[in-house]
Amino acid sequence: MRSSPTRMLRIPFALLLIASLISSCTRSFDPGQGVAIEASTTPSQAPGFIPGPTLRALAQEQGRWVGVAVAPQLIANDPVYAGLLARQFNMMTPEVAMKFEVLHPERDRYDFSGGDAILAFARAHNMAVRGHTLVWDQQLPAWLTEGQFSRDQWRTILQEHIQTVVGHYKGKLAAWDVVNEAFDDNGSLRNTVWLRNIGPEYIALAFRWAHEADPQARLFYNDNGGEGLGRKSDAIYALAQGLLQSGIPISGIGMEMHTWLDGPPKPDDLAANMQRLARLGLEVHITEMDIRTQYSTQPPAAKLADQASMYRGIFSACLAAPNCKAFVTWGLTDRYSWILAKTNQPDAPLLFDEQGLPKPAFFSIRDALMGK
Ligand code: XIL
C-alpha cells in the first residue's frame with residue numbers, strides 16, 4: 001500500500017514533536033539550545049529594557065553562558081531586577097538559597113523553597129542554573145557547628161546532605177560547586193570544620209557522593225584567588241589532577257574572580273591557567289566576578305572606565321578559551337551587592353548601577369561579544 005503524502009508528512013512531524021518534547025524536558029545544559037528573548041521583540045517600556053542585542057543572545061551564539069548570582073526574593077519583588085535578569089542572562093546561581101544553612105536548617109529538615117523558586121524562574125525563561133554550594137565552611141546551621149559528633153557521624157551527615165540535595169535537583173542543574181574554598185592562599189588545605197572532623201579525604205568523598213546521587217551532574221571545585229598562576233592555583237590544579245587519576249569525576253574548576261581595580265589576575269596568567277586545566281580535560285566557569293572600586297582614588301567616571309576595561313580583559317580571556325563556558329557575576333546590580341555588607345563601604349562592583357542601568361562594564365562585555 002502506498003502512503004499518502006499527508007501520512008508521510010505525519011510521521012516525521014510526530015517524530016519532531018516527540019523530539020521537541022524530549023528536549024524541552026531535558027536540561028538546557030548547552031547554552032546553544034536556549035531560546036533567547038530578543039531585544040527586537042521586547043517592548044522598549046519593559047522593565048530593565050536595554051536597546052541593542054542582549055548578552056544572552058550573543059553569548060549563546062558562541063556556546064557560552066552569561067549569568068548572575070540571584071536571590072529569590074528579588075526575583076519575586078523587583079520587576080526591574082527580574083526583567084533585566086531574564087532578558088540579558090541565560091544562567092543564574094543562587095547567592096545563598098542553596099547553601100547548607102538555608103537548605104538544611106535542622107538535622108532532619110530540608111527547605112528547598114528558595115532553590116526551587118529560582119529553578120522555576122529559570123525554566124520559565126530558558127536559563128541554566130549553577131548549584132552553589134555543597135561543602136563550605138561558612139553559612140552552616142548551628143545544629144551542625146554546635147553539635148557534638150564523632151568522625152563517622154560527620155561523614156554520615158555530609159553524605160546525607162550531599163545525596164539529599166543533589167538527589168532533589170537531579171537532572172536540573174548545569175553544574176554543582178561541590179567543594180568551595182578549601183585552600184589557603186599558600187596552597188595548603190584550609191583549617192575548616194570539614195578538614196578537622198573528617199580529614200583531607202572529605203574533598204574526594206564529597207565528589208564521589210555527589211556523583212553517586214546524580215551520575216550525569218557536572219561537578220566543580222570552586223575557589224577564589226587561584227584564577228591566575230601561583231601557589232593556590234597550583235594546589236587547585238594538583239587537586240583536580242589527583243581526583244581524575246583516582247577516577248573521581250570532576251568536570252571543572254570554578255574561578256570566583258572577586259577582585260578590585262588594579263587587582264589580580266593578569267589576563268595572561270588567567271589564560272595560561274585555563275589552558276593547563278583544558279589539558280586535563282576540565283572546563284572553567286568564572287563563577288562570582290565582581291570588581292571593587294572603593295580602594296581607588298580616581299574620580300568616579302575614571303573608576304568606571306577602568307572597571308570596564310578590567311571586566312573586558314577577563315571576559316575576553318574567557319571567550320578566547322574554548323573550555324571557559326560560563327561567566328557569572330556575583331549579583332546583578334550594585335544596589336544589592338554583597339560587597340556593601342562585607343566591607344561596610346559604598347562600592348560599585350557589578351555590571352549594572354543602583355537603578356539597574358547598564359554601566360560601562362556592561363557595554364565593554366557586550367562589545368567583546370560582538371567582536372567590537
Ligand atoms: C556570600 C554572599 O554573597 C553573602 O550574601 C553571604 O552573606 C556570604 O556569602 N565566596 C562564595 C560565595 O563562594 O558563596 C560568597 O557569597 C562570597 C564568597
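Descriptive notes on the structure:
- Note, ³J(HN,Hα) from phi for the range 66-75, Karplus 6.51, -1.76, 1.60, rounded to Hz, x at Gly and Pro: 10, x, 9, 7, 10, 10, x, 5, 5, 4
- Counted residue by residue at 0.36 nm each, then reduced by the alpha carbon distance between them, the extension gain from ASP268 to ALA305 reaches 11.3 nm.
- Net charge of neighbours whose Cβ lies under 14 Å from the Cβ of LEU340, counting Lys and Arg as +1 and Asp and Glu as -1: -3
- The loop-placed GluC sites (Glu not before Pro) in the range 110-198, going by DSSP, that have at most 16 neighbouring Cβ atoms within 10 Å of their Cβ come out as GLU146.
- Residue among GLY199, GLY228, GLY52 with the largest mean-square fluctuation in a Gaussian network model of the chain, springs linking Cα atoms under 10 Å: GLY52
- Over the chain, the reciprocal of the mean inverse Cα-Cα separation, the Kirkwood hydrodynamic radius, stands at 21.6 Å.
- One decimal place: the segment ASP367-THR297 gains 22.5 nm when fully extended, by the rule 0.36 nm per residue minus the C-alpha distance.
- Which of TYR202, TYR110, TYR221 has the fewest Cβ neighbours within 10 Å, and the rest in rising order: TYR110, TYR202, TYR221
- Counting only Cβ charges, +1 for Lys and Arg and -1 for Asp and Glu, the dipole size of the range 125-282 around its Cα centre is about 420 debye.
- Across the range 341-352, computed HN-Hα scalar couplings (Karplus, 6.51 cos²θ - 1.76 cosθ + 1.60, θ = phi - 60°) run 6, 5, 9, 6, 10, x, 7, 8, x, 10, 7, 10 Hz from first to last residue, x flagging Gly and Pro.
- Under a 5 Å amide H cut-off, with hydrogens placed 1.01 Å from N, CYS324 pairs with VAL284 among residues at least 5 apart or on other chains.
- For the range 263-345, chymotrypsin sites (Phe, Trp or Tyr not before Pro) are listed when DSSP marks them as loop and at most 13 other Cβ atoms sit within 10 Å of their Cβ; the list is TYR295.
- The range 128-183 and the range 264-280 have Cα centres spaced 28 Å apart.
- DSSP H segments from the chain that extend 24 Å or more along their own axis, Cα-based, with Kyte-Doolittle mean of -1.0 or above: 5-25, 151-168, 300-320
- Listed residues GLY114, GLY230, GLY147, most fluctuating in the chain (Gaussian network, C-alpha, under 10 Å): GLY147
- Ranked list, fewest to most other Cβ atoms within 10 Å of each Cβ, for HIS285, HIS258: HIS258, HIS285
- Gaussian network model of the chain, Cα within-10 Å springs - most flexible of PRO299, PRO264, PRO47: PRO299
- Charging the Cβ of each Asp and Glu at -1 and of each Lys and Arg at +1, and nothing else, the dipole of the chain about its Cα centre rounds to 1320 debye.
- With 28 Å as the limit, the listed pairs LYS325/LYS372; LYS99/LYS303; LYS342/LYS372; LYS172/LYS359; LYS170/LYS325; LYS99/LYS359 have LYS99/LYS303; LYS342/LYS372; LYS172/LYS359; LYS99/LYS359 beyond it between alpha carbons.
- Other-chain or far-sequence residues with amide H under 5 Å of THR287's (modelled H): MET255, GLU256, VAL328
- Added length on full extension, which subtracts the Cα-Cα distance from 0.36 nm per residue, THR145 to ARG190: 14.5 nm
Where a number appears in this text, it was derived from the coordinates with a stated rule and is not lab data. Every value quoted in this text rests on a predicted model; they were computed, and no experiment measured them. Because the Cβ atoms are built from the backbone with ideal geometry, glycine has one as well, and the counts that use them run over all protein chains shown.
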